[in-house]
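Undergrad: I am attaching a structure below and will ask some questions about it afterwards.
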Amino acid sequence: MAKISVVVPCYNEEESLLFFFEAIEKIRPQIPTDFEYIFVNDGSRDKTLEVLRKLHDENPDLVHYISLSRNFGKESAIYAGLIEATGDYVTLMDADLQDPPETLIEMYRMLQNPEVDCVAARRSDRSGEPWLRSAFSHLFYKIINKISETPIIENVRDFRLMKRQMVDAILELAEYNRFSKGLFTWVGFNTEYVAYENHERVAGETHWNFFSLLKYSLDAFINFSELPLNLAIYMGLFVVFVDIMAVLFVIIRAFFWHDPVSGWASTITIILFAFGTILLMLGIIGKYIAKIFSEVKNRPIYIVKEKK
Ligand code: UDP
Ligand code: MG
């Protein structure tokens, strides 16, 4: 019989985990496959690991977990989970039940079509979320889709059910700086979407704040676009152009009006502008170099401390 692996990254989810497990167990009989759970404890500081140990002891063949040696972030935890998954289908789900388990039934049904390789959940609304966050999120998708060669679809969460072939393709992208939403589209394959309504977390708190989301967005820009680098070239060209104009202006003025010393203010303005631009561009280039550096160091994406 085919098997579905349920991969769940968990960071401080002691309160949600049992709800989550029960909810999946409830819908499980409606899907005619075997199941396995792969929980990834991403360096939680609460009792998540203890809950997982207990779940495994009670269901040794069904529930597996790996516990990472520290918090590596959701993207790394997902990668770790995908590596461990052995199913013919793999689903990625958040532990907080924001990804409604019933959707799995529909996803599985849609995957029976041989043309479809992946079914992803697409939020039909963002209610229950602060409007400022929705606004920023909307802006983020607008910009990233303008500047990235890989389309990144709005309101799609990581929640999806994939066929083995696509999972293997994603695992081949063993890059250190992971932006899953981009990787999912980059590998290609045929993805269909199901709509679902936004849910609040069952328990616990979101691990995102404004700055972590900002960093996430910047990472996406840098990892999936070379536009910031091209921007450096365009800005550089523009500044050179302005400088040539300024020099011409100064020469012509000196010729006709014999006024060589005035113009200190404009000179300083131009110099400051040029300096500012150079610093900005150095910063952008630095970001890319930092990414390259972290890739060439070739460190592992995650480290396992305990595995059952
Ligand atoms: N998560 C993780 N490592 C982290 C942060 C989050 O494994 O460093 C997990 C978390 O336990 C949850 C999922 O990623 O299962 C989504 O996190 P969260 O609910 O905070 O994000 P949101 O739903 O608000 O986007
Ligand atoms: Mg959540």
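Undergrad: Can you list the lysines whose alpha carbon is less than 22 Å from that of Lys181, not counting same-chain residues fewer than 8 positions off?
TA: Lys74, Lys142, Lys146, Lys163, Lys215, Lys287, Lys291
Undergrad: Expected output is a single nm value to one decimal: the length gained when fully extending between Lys308 and Ile105, i.e. 0.36 nm times separation in residues minus the C-alpha distance. What is it? Please report the intermediate quantities before stating the final value.
TA: Numbers: separation 203, 0.36 × 203 = 73.08 nm, distance 2.73 nm.
Residue separation times 0.36 nm, minus the Cα-Cα distance, leaves 70.4 nm.
Undergrad: Quick one: helix 17-27 against the long Cα principal axis of the chain, what's the angle to the nearest 10°, folded into 0 to 90?
TA: So the helix axis and the longest Cα principal axis differ by about 60 degrees.
Undergrad: Same structure, new question: Looking at the chain, send over the antiparallel percent of its DSSP beta bridges, to the nearest 5. Present the calculation step by step, with values, prior to reporting the outcome.
TA: Details: 11 of 34 bridges.
Here the antiparallel bridges make up roughly 30 percent for the chain.
Undergrad: In nm, what is the difference between 0.36 nm times the number of residues separating Glu129 and Ala2 and their Cα-Cα distance? Walk me through the intermediate numbers first.
TA: Working: separation 127, 0.36 × 127 = 45.72 nm, distance 3.73 nm.
So the chain would gain 42.0 nm between Glu129 and Ala2.
Undergrad: What does the C-alpha gyration tensor say about the overall shape of the range 49-143? Classify as rounded when a/c is under 1.5, otherwise prolate if a/b is larger than b/c, or oblate.
TA: Values: a/c = 1.95, a/b = 1.31, b/c = 1.49.
Verdict is oblate for the range 49-143.
Undergrad: To continue, here is another question. How large is the translational diffusion coefficient of the chain in µm² per second when you combine the Kirkwood radius over alpha carbon pairs with Stokes-Einstein at 20 °C and 1.002 mPa s?
TA: This corresponds to a translational diffusion coefficient of 97 µm²/s.
Undergrad: So, one more: May I ask you to list the trypsin sites (Lys or Arg not before Pro) in the range 46-146 that are in a DSSP loop and have at most 12 other Cβ atoms within 10 Å of their Cβ? Before the final figure, lay out each step's value.
TA: Working: sites: Lys47, Arg53, Lys54, Arg70, Lys74, Arg109, Arg122, Arg123, Arg126, Arg133, Lys142, Lys146; in loops: Lys47, Arg70, Arg126.
In loop regions of the range 46-146 (DSSP not H, G, I, E or B), the sparsely surrounded trypsin sites (Lys or Arg not before Pro) are Arg70.
Undergrad: Quick one: if the Förster radius is 45 Å, what FRET efficiency do Asp61 and Phe210 give, using the C-beta to C-beta distance and rounding to 0.05? Intermediate results must be reported in sequence, preceding the final value.
TA: On the way: r = 43 Å, r/R0 = 0.95.
Efficiency, rounded to the nearest 0.05: 0.55.
Undergrad: What is the extension gain from Ala254 to Val242, computed as 0.36 nm multiplied by their sequence separation minus the C-alpha to C-alpha distance, in nm to one decimal? Each step should come with its number before you reach the end.
TA: On the way: separation 12, 0.36 × 12 = 4.32 nm, distance 1.83 nm.
Gain on extension, Ala254 to Val242, equals 2.5 nm.
Undergrad: Now for a different question. How many nm is it between the label spots at Arg45 and His199, if each spot is 7 Å from the Cα in line with the beta carbon?
TA: In this crude spin-label approximation the distance works out to 2.7 nm.
Undergrad: Further question: How much of the DSSP beta bridge set in the range 102-198 is antiparallel, as a percent to the nearest 5?
TA: Percentage antiparallel, nearest 5: 40.
Values quoted throughout were computed directly from the atomic coordinates according to the rules given, and no laboratory measurement underlies them. Owing to the predicted nature of the structure, the values given are computational and were not obtained by experimental measurement. In this analysis, Cβ positions are derived from the backbone assuming ideal geometry, glycine residues included, and neighbour counts consider all displayed protein chains.
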